[in-house]
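The values are calculated or read from the model by the stated rules, or taken from the named source; none is laboratory data. Keep in mind that what you see is a predicted model, and the values were worked out from it rather than measured. As a convention, Cβ positions derive from the backbone with ideal geometry for all residues, glycine included, and neighbour counts pool all protein chains shown.
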Protein chains: 2
Amino acid sequence: MSTPSPNILSDDELVLLDRYWRASLYLCAGMLYLRENPLLHEPLRLEHIKHRLLGHWGSDPGQTLVWTHMNRLIRARDLDAIFVSGPGHGAPSVLAHAWLEGRYGELYADKGPGLDGLRRFFKEFSFPGGVGSHCTPETPGSLHEGGELGYSLSHAYGAAFDHPDLLVVCMVGDGEAETGPLATAWHSNKFLDPARDGAVLPVLHLNGYKIANPTVLARIPHDQLADLMRGYGYEPFFVEGDEPQRVHRLLATTLETALDRIADIQRRARTGSFEGLPTWPMIVLRTPKGWTGPKEVDGHRVEGTWRAHQIPLDPHKDTAHLRQLEQWLRSYRPETLFTADGQLVPELAALAPSGHRRMSANPVANGGLLRRALLRPDIREYAVAVTEPGTATEENTRPTGRLLRDVMRANPDRFRFFCPDETASNRLDDIYQASGKAWMAETLPEDADGTHLERGGRVMEILSEHTLEGWLEGYLLSGRHGLLASYEAFIHVIDSMFNQHAKWLEKALDVPWRASVSSLNILVTSTVWRQDHNGFSHQDPGFLDVVTNKSPRVTRIYLPPDANCLLSVVDHCLDSTDKINVIVADKQRHLQYLTIEEAADHCTKGIGIWDWASSDDGAEPDLVMACAGDVPTMEALAATALLREHFPALKVRFVNVVDLFRLQPESEHVHGLSDAEFDSLFTRDKPVIFNFHGYPWLIHKLLYRRHNSRNVHVRGYKEQGNINTPMDLAIRNQIDRFDLVIDAIDRVPGLLVAGAHVRDRMKDAILACQRFACSEGYDQPEYADWRWPGRTGAA
Amino acid sequence: MSTPSPNILSDDELVLLDRYWRASLYLCAGMLYLRENPLLHEPLRLEHIKHRLLGHWGSDPGQTLVWTHMNRLIRARDLDAIFVSGPGHGAPSVLAHAWLEGRYGELYADKGPGLDGLRRFFKEFSFPGGVGSHCTPETPGSLHEGGELGYSLSHAYGAAFDHPDLLVVCMVGDGEAETGPLATAWHSNKFLDPARDGAVLPVLHLNGYKIANPTVLARIPHDQLADLMRGYGYEPFFVEGDEPQRVHRLLATTLETALDRIADIQRRARTGSFEGLPTWPMIVLRTPKGWTGPKEVDGHRVEGTWRAHQIPLDPHKDTAHLRQLEQWLRSYRPETLFTADGQLVPELAALAPSGHRRMSANPVANGGLLRRALLRPDIREYAVAVTEPGTATEENTRPTGRLLRDVMRANPDRFRFFCPDETASNRLDDIYQASGKAWMAETLPEDADGTHLERGGRVMEILSEHTLEGWLEGYLLSGRHGLLASYEAFIHVIDSMFNQHAKWLEKALDVPWRASVSSLNILVTSTVWRQDHNGFSHQDPGFLDVVTNKSPRVTRIYLPPDANCLLSVVDHCLDSTDKINVIVADKQRHLQYLTIEEAADHCTKGIGIWDWASSDDGAEPDLVMACAGDVPTMEALAATALLREHFPALKVRFVNVVDLFRLQPESEHVHGLSDAEFDSLFTRDKPVIFNFHGYPWLIHKLLYRRHNSRNVHVRGYKEQGNINTPMDLAIRNQIDRFDLVIDAIDRVPGLLVAGAHVRDRMKDAILACQRFACSEGYDQPEYADWRWPGRTGAA
C-alpha cells in the first residue's frame, strides 16, 4: 500500500470533500429511518421514525465515498462517467447523490430540495408505493437492476462498448463477487478495445461481510487477492483504511493514478502505438461495513461487521436505540451541510458536476435518449426463392446471417451480435464478412485460418451466456442495438437474467423520464428437434415457459417456420423497443414455404391459414391441423398429405402460428386474437391437432379460455429423447407425421372405423423408421428428404 | 516449467504407459468412425465407416492421458480416486478407459472384450439407441452430466466432501472455464476441510480452442494464468508440450509432486499441525487440441487448432480422407495393443488398477451403492402445538430448522445443508447448534459473535447458487444426503442446473447398474408474498413452471401451508430417492392450521378437504374454495370467513393442496388423482376458486384435462408488484380475501344481485387497505393479525 501523495488534495478540498461525503451519508441514514423531521430541527422522537424499518446501511458508506470522489474528477477532467452500483441493496448511495446533485428534484418535483421535498424523499424509500432499496428503473443515473446479484461488471462493460469517451465506474460488491456471473465477467477486459470502446474502472468493495458471513475475497491473503486481480488481467490498486482523512487522500491519489493509466492506454491505442492486451487498472477498496455508523449496539460490535448489513438500530424495540440513532444522525452535523430550508449548502452544491456531467443525469444511463434507430436493409435482398411451397430447402438461419451482416455494416457504431462460440455452428457466419470477433488477447498465426478474430470486432463470443447477456443488456440500456443467439437448451442458463431484464423493462415503461430502449432480441437456435444426436441434455424448449410468465407488455415469442419468415421476424424485432423478443428457429436445412412477400404478410398477422395446404376450401373443416415451429410445421404438413392420400374427402384446415401470443385472449396479451378471430381459425367445436415446437402444455396454458380449448390436442416435446435421429426423436415425442395421422383418426368423427387399416400402416411406418435409424444411424431418405407433394399430389 | 525428473518413470514403464495411452486413443478414434472392422484386420473401406459422423475428438487425447497416468498412481499408492470429465463432449476418453479396464463389458455384456464386443462398442457411440458423446448416466465411472458446461469443479468438490480418503481428479476444459459457474467454483477450496474431506486435483486442460475460437485462458500470458490460479488459492504446476515422451515424463513427475502435496496437507491437518487455508496443488496441462490426430487436412492445419474439435476427416465426402483416416488409426498400431480376438494385450491390461480401484468402477461414482439411509428423528418432537386451527402463528421454517439440526447431529458423516448466505435470514439458524458453516479462510475475533464459522462445518454457505447446487449434486451422486434452501426469486439462477440434474435422474432410472441416490431437496423460501418490501425483482414464483416440464418420474412439488405440514413434507423428502423435491414455504410468521398428526395425514394424501373450514357438511357445495401455499391459504380462509358472514347459507367446500401434482391426471403424473377422486373434491360443475402461490396459469396447465376445468378460476401472482406491504401485494395480484369474495359473488349463481352491496364493501376494504399501507408503511393490524374465527365465528 503506497503512502498517499499529499499534493492531490489541498486541505481545504479535503474538508469540503469530506463534508460532501457526510451529506450523502446523512441522506442514506435518513432514508432508512425518517418519515418526519428530516433535518433534525427538533429532537428526534419515535413518531419521526418509519414504522417498518427496511433498507441496507452496510455498503452505502463505501459506495457514496467513491461517488463523492468521482465528482471531483469529473469536474477536474471533464469526464463523461456513469456509476454502476453492484453491491446488494445499495440504492441509498445512488439516491443520495441524485438528490444532492439536484437530479432527483428535476425528475420527482415533490421530492427535491426543501424540507418538504427531503421529508418525502426520505419517506418514500423502501416504503409502499415508493422506491426500492436496490437500484431500479426509478433510480436516476442507473442502468443496472440491482436486485439479483452478479451482473454489475458485465453491464458496465456492455455500456462501455462503442462509447469511446465513456468511463464506467463499477462498484463490485464482495458478496456479488462470489457469484459465477461476476467471477467470469472480469475477463471482459479481453473483449474491450481501448481504441473504439470506453473504459471500465472496477472498484471491488471489500466491505467484508454479506448478510451473515464474511466474504471470500475479504478473507484470502492480501497477496492472493492481488494475484487474482492480476490473473484476471488488471493492475490492482489497494485503498484500505478506516480513518476517513487518510482514506480520502489515498483514494484521491489512487483514482488520479487509475485515470492516468486509463488515459494512457487509450491514447496509445488511439495513436496506434499499442497493440497488445492492455492491463487496465482496478481498485480494491477495503473499508468497514457500515462505516461511520454505530460502532456498538447492545454490547455487540456493529461497524465493520455483518451486523451493519441492514438496519443497525431499532428505536421501536428499544428507546435507547432512539437516542443512539439521533447521535448517529447528528454526528454528520446536518446543520452544517444543509440550509435551514432543506437545501445543500452552496459551497457543497458547487462540488457536483453540472448538467449531463452529473452521474445521476448522464444520458448514457437513460440510454433511450441516445438511441438512434438502426439502418435496416430491405429484407427482400436476402430472400430465399420459393416457387412451390415445401419443395426446396435452406438452412433457416443462413439468410438471416447475411441480413445481420449488412445491419452490422450499416450501423458500425451501434449494433453488436452476441453468441457463445456458436456463430458458425448456428450458420450465421456470414456476419464475419462485416466484422470479426472482438479479441484483444494473444493471436497465433494459425488463427488467420478461420477464427475471424479482430481487435475492433463487434461479434462478441465468450463461452458464458451470462457475460454475453450482461454485455447485451448494458449495451441496450445505454442506447444501442443487438441480438443474442444461443443453443436452445442452454438459454436456460440465463433464465434469471431474462426475468430481471423483463422486470426492468416492465417497470421502466411506467417511469416517465425513461426513454425507450431497443428490445432485447434472443435468437434461440440449434433447437430441440435437431439435437437428436447430442442427446437428452441438449433437448429443452422450456425457455418459452419462463418467458410467458412475464408481463405481456414486454414479452414476445416468434416461431418462424422457414427462412423468409425468420428474416421478416428478425427485421421486425430489430426495429422494436422495450420488448424482449424471443425467436425460435433452427439452423439446419428445412423446407421453405413462403415467398418473402407472403412471409412478411404471414408474420405481420402472426397466425394464418395456409390455403395451399388446406382442403376445406374456406368452408367449415372436419379437422384443424395447427402448428408452430419449423420441424412441427413440416411434420404437420406431411401428416396433412398423408390424410389427403388416405382420406381424400376429409376437409383439413392448415393453420400456422408464428406469433405465439396470438393464441392468448386479447384481454391477456396485446397480441392476443379476439375470440371471434380465434374461432374463425380454430372453429368452436371441431377437433384441432396442434403440433408444437415446445412442451405441449404451454399451448394449453395460453388457450385454456378459448371456446374450443377442450378439442385442442397438442403434441410437443415431452422429455422423450436420447441419442436419436430427427425422425426418431419426433416419433418418441409423437410430433411425427404418422402419429399426427393417428391422432386425426382418433379424433375426427367417423374416421376411427374407416381408418383402422391406415392406423396400422402408420404404426408400421413408425416401427420401420425406428428400426432403420437404429441400424443405419440416420433417417430413411424418403422421410428425411420428404417434400410437400402439392395440393393434388400424393404423399 | 521445471525439467522432468528422469527417475519417476523407467524407460520400460514409459513405453508401456505410452502404449496404454495409444490404446485409449485408438478406441476414441474408433468410436467416432467405425461400425465394422474394429481392429483394421481388413483394409479400411467406406462401408466400415458410420454413415453419420458425430462426436468430438479435440479434448480426448489430453483427458485420456491424465486417466492413463492416474492408473499408474492408483496402483502405486493404492488411491481411491474418481475422474470428473469437464470438457465438452469428452465421453470418448472415459468410455475408452472403461472399456480398457474391463468395466464396460461387465456392465454391458455385449460390448465388452472381443471383436464383436468392440465393434458394438464403437458403433453404439453417438448412434441412435446408443450412448452420448458427453458423459451421461450410462457412462461408467462418471457422476457428472457433461452436456451443459460449467459444473465439473463444483461436482468434484461435492463428491470430495466427507470422503476423507477420496481423490477427485477433475479435468476442467478451458472452454467451460469461461463459464460463470466454473469461474467461481475454484473458490470451493475455501470450504474443503483437509482433515475430514477428501481432495480435489483440478487439471485445467489448456486445449487451446473451443468450437471455433481460442479460449481465453489459453491466450493470456503465462504469468497471468499462474497469478490467476495462485489468486484462486492454488499452487499451479504447468505441464506443457506436444512431444509425447517428454510430456509423459513431465506429467508423471508433476502428478507425483501434486499427490505428495495433497498427502502432506492432509497429514498435517489430520495430525493437528495445520490450521490455515491450505494451498492445494492444481495442474495446467497445455497440449495440442486433437493431439496425435491428423496434422493437416485439405491444406488446413488441424492438430492444435479449432478444426480438431469434432470430426477431423470425413471419408464420405472425400475418399482421400478415407486413406488419411486409415493412416491415422493405424498410427496407433492397434495390432500391438489388442490381440487378434479383440482383447487388450495382457501387459497393458496389467497396467489398470483392479476391482473398485478402477476409476470406471469406483462406487463413489455410482453413489447409490454407498448410500446409507438418513437417521431421521421423530418429527412430532418439533411440532407446533395447534389447538384451534388458524389462531396461533409461527415462523413456518423455524421448526424445520430444528429438525434439520437434529438430522445433522444424527448423521454427521452424510448430511449437509446448503444455502447462499441466508440460513439465518430464512429462520433456519437452529441448525448452527449442530454444525457451523464450513470456512477454511481467515477468521477474525469479531466472527465469534454470530457468524458460526467452523473449519469442519457442514452448513455450506457461499453467495453462489451455482456452486451450492453443484456441490449438492456431487454430494448426492456420491451417496450422501442434503438440502438446499434459497430465496424463491433467485432459485431461477440454477434453472438450467435443475434441468440437467432432472435429466440425469430420469435417464439413470433406466440404467440398471445405477443404484438409487438421495433426492435433491430444494426448499424455496423467502417467497413472493413476503417479498413485498424487497420489491418487484424479488418476486418470482416461476421456478415451479420450470419444474413441471421435467419427467414426472423425478419431479415433486410441495406447498405445505403451515409449519407442521412443512415438517412432514421435509421428513418425507429426506427419505426419498431419485427425485427432485421442490418445497415452497415462507419463512415469516404465518397462521398454523394442523396438528402434527393432521399434518402428516394431510401431506400424505397431498390434497384434502378441510372440514373445519367448510360449510358444505359433506354435501354438494355451492362453491369450492381451493388453495395451495401458505399466504394464499390464509387469504382463502379469510375469504371463506367473509363469505360465511355475508352469505350464511352458502355452502363452501375448502380444499387445500400440498402435493401439486395431485392436480394432474394420473395418466400424466404418478401422483395424479384419478378423475373420480378429483371430481369428488372439485365437483364436476360447481364454481371453483383456486388461490395459488405461483403464476395462476400453471394450475390451468395441470388440470386442463379435468371435467370441471372450465369452472376453475385461478388467482396467483401475475407480475403486479413493487414496494408493497404483504396485503397490498396480495391485493395487486387479487389473491386477497376481498377479491376472492368478489370472485365468489361473480361466479356463484344467485349471488351477483344479492351480493352487490357486499361487493361494494369489499372494494372499499381494498382501497382502505392500500391507503393505510401507503400512509403508514405497514398493513392494518386487523388484517395483518387476522385469525380464523372458527366454524361459527364472524370474520
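Here are the numbers for this structure:
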| quantity | calculated |
| --- | --- |
| Which listed residue, of A:Ala361, A:Ala365, is assigned by TED's automatic domain parsing to the domain that holds A:Ile211, touching a helix residue (DSSP H, G or I) at 6+ places or on another chain (Cβ under 6 Å) and within 30 Å of A:Arg416 (Cα to Cα) | A:Ala361 |
| The one condition in (1) buried (at least 20 other Cβ atoms within 10 Å of the Cβ); (2) closer than 23 Å to A:Gly474 by Cα; (3) more than 13 Å from chain B (Cβ to nearest Cβ) that A:Pro399 fails to fulfil | (2) |
| Residue, surrounded by the fewest Cβ atoms within 10 Å (Cβ to Cβ), within region A:267-291, restricted to residues that are within 17 Å of A:Leu201 (Cα to Cα) and in contact with a strand residue (DSSP E or B) (Cβ under 7 Å, 6 or more places away or on another chain) | A:Thr279 |
| Meets criteria (under 27 Å from the mean Cα position of the chain (by Cα) and among the hydroxyl-bearing types (Ser, Thr, Tyr)) for B:Tyr695 | yes |
| Unique residue being assigned to a strand (DSSP E or B) and either of a type outside the set (Asp, Glu) or surrounded by fewer than 24 Cβ atoms within 10 Å (Cβ to Cβ) (or both) when the list is A:Pro202, A:Pro181 | A:Pro202 |
| Residues of region A:752-795 classified as away from every other protein chain (no Cβ under 14 Å) and in contact with a His (Cβ under 6 Å, 6 or more places away or on another chain), total | 1 |
| Criterion (β-branched (Val, Ile, Thr), in a helix (DSSP H, G or I) and either more than 8 Å from chain B (Cβ to nearest Cβ) or farther than 26 Å from A:His538 by Cβ (or both)) met by exactly one of A:Ile522, A:Ile491 | A:Ile491 |
| Residue that is surrounded by the most Cβ atoms within 10 Å (Cβ to Cβ) [pool: residues in region A:100-142 that are within 17 Å of A:Tyr33 (Cα to Cα) and away from chain B (no Cβ under 13 Å)] | A:Phe121 |
| Region A:292-323: number of residues that are away from chain B (no Cβ under 11 Å), of a type in the set (S, T, N, Q) and either touching a strand residue (DSSP E or B) at 6+ places or on another chain (Cβ under 6 Å) or surrounded by fewer than 19 Cβ atoms within 10 Å (Cβ to Cβ) (or both) | 1 |
| Criterion: part of a loop (DSSP other than H, G, I, E, B) and either free of Cβ contacts under 8 Å to residues at least 60 places away in the same chain or surrounded by fewer than 19 Cβ atoms within 10 Å (Cβ to Cβ) (or both) - qualifying residue of A:Arg684, A:Arg662 | A:Arg684 |
| Qualifying position, being surrounded by 21 or more Cβ atoms within 10 Å (Cβ to Cβ), within 25 Å of the chain's Cα centre (by Cα) and not in a loop (DSSP other than H, G, I, E, B), among B:Gly457, B:Gly470 | B:Gly470 |
| Single residue of region B:687-719 satisfying the filter (of a type in the set (Lys, Arg) and crowded, with 21+ Cβ neighbours inside 10 Å) that is nearest to the other protein chains (Cβ to nearest Cβ) | B:Lys701 |
| Top-ranked residue of region B:525-562 - restricted to ones that are of a type in the set (Asp, Glu) and within 12 Å of another protein chain (Cβ to nearest Cβ), ranked as farthest from A:Lys718 (Cα to Cα) | B:Asp532 |
| Tally of residues being under 16 Å from B:Ala29 (Cα atoms) and not small (Gly, Ala, Ser) across region B:116-139 | 11 |
| Test result for B:Ala794, outside the structural domain of B:Arg662 (by TED's automatic domain parsing), among the small types (Gly, Ala, Ser) and at pLDDT below 95 | yes |
| Residues that are more than 30 Å from A:Pro412 (Cβ to Cβ) and more than 11 Å from chain B (Cβ to nearest Cβ), drawn from region A:185-237 | A:Val203, A:Leu204, A:His205, A:Leu206, A:Asn207, A:Glu235, A:Phe237 |
| Residue in region A:239-257 that is more than 29 Å from A:Arg72 (Cβ to Cβ) and either at the interface with another protein chain (Cβ under 10 Å from one of its Cβ atoms) or out of contact with any helix residue (DSSP H, G or I) (no Cβ under 7 Å at 6 or more places or on another chain) (or both) present | no |
| Given (1) farther than 30 Å from A:Asp510 by Cα; (2) modelled with pLDDT of 95 or more, number of the condition B:Ala768 does not satisfy | (1) |
| Total residues in region B:456-471, condition under 22 Å from B:Ala365 (Cα atoms) and at the interface with another protein chain (Cβ under 9 Å from one of its Cβ atoms) | 2 |
| Leading residue by the ranking (surrounded by the most Cβ atoms within 10 Å (Cβ to Cβ)) among those in region A:25-45 that are within 14 Å of another protein chain (Cβ to nearest Cβ) and assigned to a helix (DSSP H, G or I) | A:Met31 |
| Verdict on A:His41 being more than 16 Å from A:Ala361 (Cβ to Cβ), free of Cβ contacts under 8 Å to residues at least 60 places away in the same chain and assigned by TED's automatic domain parsing to the domain that holds A:Arg330 | no |
| In region A:53-99, the residues that are of a type in the set (A, V, I, L, M, F, W, C), in a helix (DSSP H, G or I) and within 16 Å of A:Val131 (Cβ to Cβ) | A:Ala91, A:Val94, A:Leu95, A:Ala96, A:Ala98, A:Trp99 |
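Here's the yes/no breakdown for (1) in contact (Cβ under 8 Å) with a residue 60 or more places away in the chain; (2) facing chain B (nearest Cβ under 8 Å); (3) not β-branched (Val, Ile, Thr):
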position: A:Gly436; (1), (2), (3): no, no, yes
position: A:Met440; (1), (2), (3): yes, no, yes
position: A:Thr443; (1), (2), (3): no, yes, no
position: A:Glu446; (1), (2), (3): no, yes, yes
position: A:Gly450; (1), (2), (3): no, yes, yes
position: A:Glu454; (1), (2), (3): no, no, yes
position: A:Glu473; (1), (2), (3): yes, no, yes
